[in-house]
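The values are calculated or read from the model by the stated rules, or taken from the named source; none is laboratory data. The shown structure was predicted, so the numbers you read here are calculated from the model rather than taken from an experiment. With ideal geometry, Cβ positions are generated from the backbone for all residues, glycine too; neighbour counts draw on all protein chains shown. Keep in mind that these areas ignore ligands, DNA and RNA; they rest on the heavy atoms of the full protein, side chains included. Shrake-Rupley method; radii C 1.70, N 1.55, O 1.52, S 1.80 Å.
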Amino acid sequence: MLRLYHLLLGSILLVSIPVGAKLLVPQFSPPKVVKPAAVAKLPNPNQGNIWQKILGSAAAPTNWQVAACEGNAPLLCVSSKGKRLGTVEINVYPLASNEDFQKKLLAVGIPNRSQLDYQSSKYQTQVLSALKAWVAGHYAAFAKDRQGKYGKEITFSAYPPQPVPVGKLQGIRYGFAGLKQQGGVEEQHIGHVAFDGSKLYVITTAFDPGTQTGKFEKLENLAIFQPYLYAIAADLRLPQ
């Protein structure tokens, strides 16, 4: 039933696409630009690909395969008949070295204390507010970068953030696209972000010629996989 539901959802997305574009993306004015703080990723000293530990349901279209990529890079491989179609990347940021997110937690009334249960009902609303603030900053940084890169040739268009489960964690789904003035999609990004009390998880994939990892080579393959990505994110083994 899950596969049939998501195939129907994928079909609805595709038939809703306006002429000249591959995906319907809501338009709104770019948010106020703020410069995001640099944060350190969680080191992975030869511990293997994190997807091997957290992947639950490997939902995929018929004749497609989803599995952790070989090696230590935090990539999930999506393939069909032995050919890689795309990858999904996860980055993990420890709260202790993420001053920017610490400030966002404090701004919503959550002190930086490791013993707090951030997933309790007492803090869930505040955590979601902090995650939404993180997404707003992420959008602002990309809007500024794309304005300088594309000028008026490409329109930056962002999805409204949506609260969704990421495993057993409260998370936010977000995304944006670069739409060509003459029609068509220059780039499209899909992400999930969640927080477990000590680490920020950022899961991303895209259709973007400028992206090196966490990407699909063809926009149509990303569109097909999109509902399955949502199902995978919801069934992750998080928190660890």
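The table for this structure:
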{"item": "Protein accessible area in the stretch 105-150, 1.4 Å probe - carbon and sulfur %", "result": "49"}
{"item": "Vicinal HN-Hα couplings computed from phi for the stretch 133-141 (Karplus, 6.51 cos²θ - 1.76 cosθ + 1.60; Hz; Gly/Pro x)", "result": "5, 4, 4, 4, x, 4, 4, 4, 5"}
{"item": "Cα-centre dipole for the stretch 102-149 with unit charges at Cβ (Lys and Arg positive, Asp and Glu negative), debye to 20", "result": "180"}
{"item": "Per residue solvent-accessible surface (Å²) - the stretch 57-137, probe of 1.4 Å", "result": "50"}
{"item": "Accessible surface, per residue, of the stretch 158-205 when the full set of protein chains is kept, probe 1.4 Å, Å²", "result": "31"}
{"item": "In Hz, Karplus ³J(HN,Hα) per residue of the stretch 166-183 (6.51, -1.76, 1.60; θ = phi - 60°; x = Gly, Pro)", "result": "10, x, 9, 9, 6, x, 10, 9, 9, x, 7, 9, x, 9, 6, 4, 8, x"}
{"item": "Ordering of 156-169, 130-143 by burial proxy (mean other Cβ atoms within 10 Å per residue, highest first)", "result": "130-143, 156-169"}
{"item": "Inter-site label distance for R237 and K83 at 7 Å from Cα along Cβ, in nm", "result": "3.2"}
